[in-house]
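Q: Okay, handing you the structure first.
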Amino acid sequence: MKQLKLDDLNKIVDQELEFGQAYNYRINVCCSTSCVSLGSLKVLKAFEDAIKEFGVENECKVARTGCIGACSVGPTVLIEPGDYAYSNVTPEKVRQIVRDHIVLDLPIRDMLYESGTFFQKQHRLVLRNAGKIDPGRIQDYICVGGYGALCKVLTNMAPQGVINEVLASGLRGRGGAGFPTGQKWRLVARAVNTPKYIVANLDEGDPGVYANRSLAEADPHAIIEGMLIAAYAVGAEKGYIYIRSEYPLAVQTLQKALAQAKAMSLLGSNVFETPFKFDIELRLGAGAFVAGEETAILASVEGKRAMPRPRPPYPANMGLWGKPTLIQNVETLANIPLIVQNGSAWFAKTGMTKCSGTKCFSLTGKIANPGIIEVPMGMSLREVVFDIGGGVPGGKQFKAVLIGGPSGGCLPEQLLETAIDYDSLLKVGAIMGSGGIVVLDEDDCMVDTARYFTEFCVDESCGRCTPCRAGLPRMLEVFNRITHGQGELTDIGTLEKASVFIRDVSLCGLGQTAPNPVITTLRYFKNEYISHITEHKCEAGKCYTSRYNKEEPA
Amino acid sequence: MSSEKARLATMWFYGCSGCHMSFLDLDERLVDLAKVATLVHSPIVDIKHFPPDVALTLIEGAVANVEQVETLREVRKRTKLLVSLGDCAVTGNVTALRNAWEHGDRAVLERAYADPSNLNAQIPNLVPKLLDYARPLHEIVKIDHYIPGCPPNADQIYYVVGELLAGRQPVMEGRSKYG
Amino acid sequence: MLHVTLQQGGASINPNNVRLRINGSEVAVPEGTTILKAAALNGVEIPTLCEIEGLTPYGGCRLCIVEVSGTSKLFPACTTPAAQGMEVTTQSPKLYEYRKMVLQTLLAERTHICAVCVANEHCELQANANNHGVDHVMYERNWSCESIDSSHEFLVIDRNRCILCTRCIRVCDQIEGAHTLDLKFRSKSTNVIMDQDQNWGQAMSCTSCRKCAKVCPVGAIYIENENIEFTKDRDIAAFLSKRRRRSR
Ligand SMILES: Cc1cc2nc3c(=O)[nH]c(=O)nc-3n(C[C@H](O)[C@H](O)[C@H](O)COP(=O)(O)O)c2cc1C
Ligand code: SF4
Ligand code: SF4
Ligand code: SF4
Ligand code: FES
């Protein structure tokens, strides 16, 4: 097959632009999982019919795209130019939109997404193309500069130069722990053993978090290009994208994208007529939270039970089949083409000095504008919850924000000024995690919340180490007693002791972070525990609190 | 120690009395003990009600019915130091064998009284209501010390009682023994 | 040749010594040696449960945790290689407290009733609990009702006493080569199974070699009508792997 050259990329861009210039409008219909479930495929069809009906099919292009983030008001439709975002679009509304907006050039203000500063305060780097390009067409990605970065590193940069650039950018891993990405690359590059592997982590097992899925459904080629660049930098030959099988649309999108990249010889051997070769395979996970842990993911890719193992040895030296392996979150990888294209200095301008760039979150819970957002590092939690999220709806009182998924921390109102970056969050007992923010209001009980997440971790423990497998269930029993009004004040001490033990002694990140919701709720909301125990009262009305009688258990 | 002798008590709940046997295994050391303590209540002493102001109480056996819960709470109020004596008191042990299989009062009584008989099976209604689970003492009240063992040996008992009566904290490392 | 016999499994053999401090005294061991072994070679004992010489380390029970200077993280001695300049502490009030909690947590996890257990007085969990002064369990105990399988001719497994150390699984796979045993499910439902979760009596791959019963640290796998003192053999894996290496 003929190898692709930079010229060819440019040719595709020219073709596409020419093609695009023929149109005055581009109608982007979100066809991500949540909008599809709200009926966006019917909306797409309705648009295609309507432009024919009005005879404007030569003036406007209807595209099937990924998600713009406003998932609660789907199906969403973004009309360019001008980025008009229509929300709650139904097939019935489509005729009117086409007639007014396209034919008469009068955007319908009433139907636009009223989001306050939902979009203004965001800073979209990773999600730069989300909702604007068709993830099913590689040409769309190339047209916005895609694979240019790959061409640049393959033809103009030495592997070490790429690593230096990533180091200088200050990029840190977006999968949770925030390990400096450049350092990880350097470790893998220096490892002597061959072949080397790359695993892109798209397991995303935290309940309620779907930022990575959204990315894969909107811009799969950004992930693939990031992997290719990483492979060149560390000298890897083979990559795996580990994705949970509960994400069928993302799997399908990635499969299609991989096939297209292969067809254009962007994957395979002699990419861009250089000696570089790299191939990517999808690996479907069975949906265990722990499978996202880096040593468990390796076991799972090898076809074994997804069980973490002690480190050292670290995957950078002994990963897949004992060979050096780079494990990277897909969001981390999607940042790479930008850094290469625009330079590390440009990238480092966003965010904070020690923690550059942006982070995607899924914003859920008691919030006016839930959805997928991307904000610069260092933004305060208050801005995220109130400016972007629009605060708590229904006039209810804000109570806490849970950041970092089931192993994150519950932060109260007085900590809302905390900046979103790895170190500040760690200081107050939360973690960045893989990007979940859940907002809780006065109707949520903190004891019940901590109980819920403990229960989640009990079920997800892999069963290897004592503290997590056998200790977490004991904590859950204590919680069950408290939320059934059968607690005793000594239970608080038991919880405190057990949570510190589980945090310090567990083998992997799951056990080490599982007690975080317990530790933070005990730190910031202890009065709720006490009122549950002594007064058998749950302010939020979540817990069953009949008087307990030990002699006659129910 | 004051010239007055310390008031010592022992009790049993659902145990096999083996721990008390071990207590009696103190043999001649019982004489030493009698020099510093008076036994004010015990299954081996014929006193019906648990007396007040007890310095040290050793309890054998797990708590398995409602009456024992009441008694235990009462004892806790009347004694300064409370010691779980033996595995049944400390873990539930043999008494708790039923915990994993038979849940609830009915099931246990049926297994004990109805199942083995083949004529006129009946469950007596004299026994106090059983708890769903046989429980170790510290799940009901605060316990100050534990002497595990099935049964604990006399040396262990002598050591712990001696230390506690002398106002010292017994050290269990290497001395405690399950089973 | 000394360091060759010290090496376990497929770790690369390197005659280079690393120097480290264990509880303040300086020691030197061949590269690749675990902290546990480095300590043992120098007369420092660290309590273990899942580790057994001759099999790959597992790092699951967490009894062997030690402190390493320069980080607040605790490391399992049985899996962590000794490194140049490391300063290891194997005893401290914190470690002692955590080890007690590991033992309590294991005792609370399933139905351990030592008085009626085959392994009474020959059980590593019981012995460790006794040595650490675990005189009671701070949690309410979980009275498990896992299955007991006595369908094999003479091997019995009582999962209510299993501490999931996987010694039996590893010896079956790595020494006997049968891989009859493995784990199923996760979290508190994790259990040792035979073949595709068959009864032991129907597990075709089992060679009835008894090694699982020999290495089981507790009373979970035992041989019917055999005194457990004669069954248990902590050295079997190390002995056989050493012999096989020599004969190769
Ligand atoms: C229990 C557990 C679950 C995890 N799940 C994920 C996940 O779903 N996605 C992810 O990218 N990283 C996950 N991680 C973090 C990974 O272990 C690893 O740190 C990460 O993939 C490294 O990539 P990064 O450096 O790009 O962040 C998880 C970690 C733990 C302990
Ligand atoms: S902490 Fe939990 S998930 Fe991690 S190894 Fe231990 S048991 Fe498994
Ligand atoms: S396995 Fe050990 S700890 Fe468990 S009951 Fe038997 S002797 Fe006791
Ligand atoms: S059966 Fe014994 S050897 Fe096997 S995992 Fe359980 S405790 Fe360990
Ligand atoms: S002996 Fe090291 S973790 Fe079990």
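Q: Has segment C:189-196 got any residue that is within 13 Å of chain A (Cβ to nearest Cβ), in contact with a strand residue (DSSP E or B) (Cβ under 6 Å, 6 or more places away or on another chain) and either open to solvent by 40 Å² or more (accessible area, probe 1.4 Å) or within 30 Å of A:G493 (Cβ to Cβ) (or both)?
A: Yes, because at least one residue in segment C:189-196 is within 13 Å of chain A (Cβ to nearest Cβ), in contact with a strand residue (DSSP E or B) (Cβ under 6 Å, 6 or more places away or on another chain) and either open to solvent by 40 Å² or more (accessible area, probe 1.4 Å) or within 30 Å of A:G493 (Cβ to Cβ) (or both).
Q: Out of (1) within 13 Å of chain C (Cβ to nearest Cβ); (2) outside any loop (DSSP other than H, G, I, E, B), the odd one out for B:Y158 is which?
A: (1)
To keep it simple, each residue is scored yes or no on (1) assigned by TED's automatic domain parsing to the domain that holds A:F47; (2) within 30 Å of A:I367 (Cβ to Cβ).
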| residue | (1), (2) |
| --- | --- |
| A:I102 | yes, no |
| A:D105 | yes, no |
| A:G116 | no, yes |
| A:K121 | no, yes |
| A:R124 | no, yes |
| A:L127 | no, yes |
| A:K132 | no, yes |
| A:Q139 | no, no |
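Q: In the set A:N335, A:N342, which member is within 15 Å of A:L167 (Cα to Cα) and free of Cβ contacts under 8 Å to residues at least 40 places away in the same chain?
A: None of the other options fit; the residue is A:N342.
Q: Report yes if some residue within segment A:4-24 is touching a Pro at 6+ places or on another chain (Cβ under 9 Å) and closer than 30 Å to A:G365 by Cα; otherwise report no.
A: no
Q: Suppose the filter is among the acidic types (D, E), closer than 30 Å to A:G365 by Cβ and in contact (Cβ under 8 Å) with a residue 12 or more places away in the chain; does A:D206 pass it?
A: Details: among the acidic types (D, E): yes; closer than 30 Å to A:G365 by Cβ: yes; in contact (Cβ under 8 Å) with a residue 12 or more places away in the chain: yes.
When the stated conditions are applied, A:D206 passes them.
Q: Does segment A:227-241 contain any residue that is open to solvent by 10 Å² or more (accessible area, probe 1.4 Å), of a type outside the set (D, E) and part of a helix (DSSP H, G or I)?
A: So the first thing to find is which residues in segment A:227-241 are open to solvent by 10 Å² or more (accessible area, probe 1.4 Å), and the list is A:232, A:235, A:237-238, A:240.
From the residues that got through so far, the ones that are of a type outside the set (D, E) too are A:232, A:235, A:238, A:240.
Filter once more, keeping what is part of a helix (DSSP H, G or I): A:232.
Within segment A:227-241, one or more residues are open to solvent by 10 Å² or more (accessible area, probe 1.4 Å), of a type outside the set (D, E) and part of a helix (DSSP H, G or I).
Q: Still on this structure: Considering only segment A:129-144, state which residues are in a loop (DSSP other than H, G, I, E, B) and in contact with a strand residue (DSSP E or B) (Cβ under 9 Å, 6 or more places away or on another chain).
A: Start the filter on segment A:129-144 by keeping residues that are in a loop (DSSP other than H, G, I, E, B), which leaves A:129-137, A:144.
Residues satisfying the conditions are A:N129, A:A130, A:G131, A:K132, A:I133, A:D134, A:P135, A:G136, A:R137.
Q: Open to solvent by 20 Å² or more (accessible area, probe 1.4 Å), among the aliphatic types (A, V, I, L, M) and within 16 Å of ligand 5 (Cβ to nearest atom): is that true of C:A220 in this structure?
A: So C:A220 fails the test.
Q: Okay, moving on. Please give the helices (runs of 4 or more DSSP H) falling wholly within segment B:27-103 in which 3 or more residues are more than 11 Å from the chain's Cα centre (by Cα).
A: It comes to B:29-36, B:66-78.
Q: Can you tell me which residues in segment A:145-177 are in a loop (DSSP other than H, G, I, E, B) and buried (at least 17 other Cβ atoms within 10 Å of the Cβ)?
A: A:G146, A:Y147, A:M157, A:G170, A:L171, A:G173, A:R174, A:G175, A:G176
Q: Can you tell me which condition C:A39 does not meet? The list is (1) away from ligand 2 (no atom under 16 Å from the Cβ); (2) within 25 Å of C:C123 (Cβ to Cβ); (3) open to solvent by 10 Å² or more (accessible area, probe 1.4 Å), and all the others hold.
A: Exception for C:A39: condition (3).
Q: Hey, could you check segment C:112-152 for residues that are open to solvent by 20 Å² or more (accessible area, probe 1.4 Å) and β-branched (V, I, T) and say which is farthest from C:C216 (Cα to Cα)?
A: C:V116
Q: Which helices (runs of 4 or more DSSP H) does segment A:405-496 wholly contain that include 2 or more residues that are open to solvent by less than 20 Å² (accessible area, probe 1.4 Å) and within 14 Å of chain C (Cβ to nearest Cβ)?
A: Passing ranges, in order: A:446-460, A:472-483.
Q: State whether the residues of segment C:95-106 include one that is open to solvent by 30 Å² or more (accessible area, probe 1.4 Å), within 15 Å of ligand 3 (Cβ to nearest atom) and not assigned by TED's automatic domain parsing to the domain that holds C:A28.
A: Yes, some residue in segment C:95-106 is open to solvent by 30 Å² or more (accessible area, probe 1.4 Å), within 15 Å of ligand 3 (Cβ to nearest atom) and not assigned by TED's automatic domain parsing to the domain that holds C:A28.
Q: Residue by residue through segment C:77-104, note down the ones that are within 14 Å of chain B (Cβ to nearest Cβ), touching a residue at least 24 places away in the same chain (Cβ under 8 Å) and either touching a helix residue (DSSP H, G or I) at 6+ places or on another chain (Cβ under 9 Å) or part of a loop (DSSP other than H, G, I, E, B) (or both).
A: C:Q91, C:R99, C:K100, C:L103, C:Q104
Q: Go over the candidates C:R210, C:R234, C:R159, C:R186 one by one and state the one that is within 14 Å of another protein chain (Cβ to nearest Cβ) and either in contact (Cβ under 8 Å) with a residue 12 or more places away in the chain or within 12 Å of ligand 4 (Cβ to nearest atom) (or both).
A: C:R159
Q: Residue check, A:G509 against (1) under 24 Å from C:C165 (Cα atoms); (2) within 11 Å of chain C (Cβ to nearest Cβ), all met but one. Which one?
A: Only one criterion is unmet by A:G509, namely (2).
The values are calculated or read from the model by the stated rules, or taken from the named source; none is laboratory data. Predicted model, so just to flag it, every value in this text is computed and none were measured. Please note: Cβ atoms are built from the backbone with ideal geometry, for glycine as well, and neighbour counts cover all protein chains shown. Quick note on the areas: whole protein, heavy atoms, side chains included, nothing else; ligands and nucleic acids left out. Shrake-Rupley method; radii C 1.70, N 1.55, O 1.52, S 1.80 Å.
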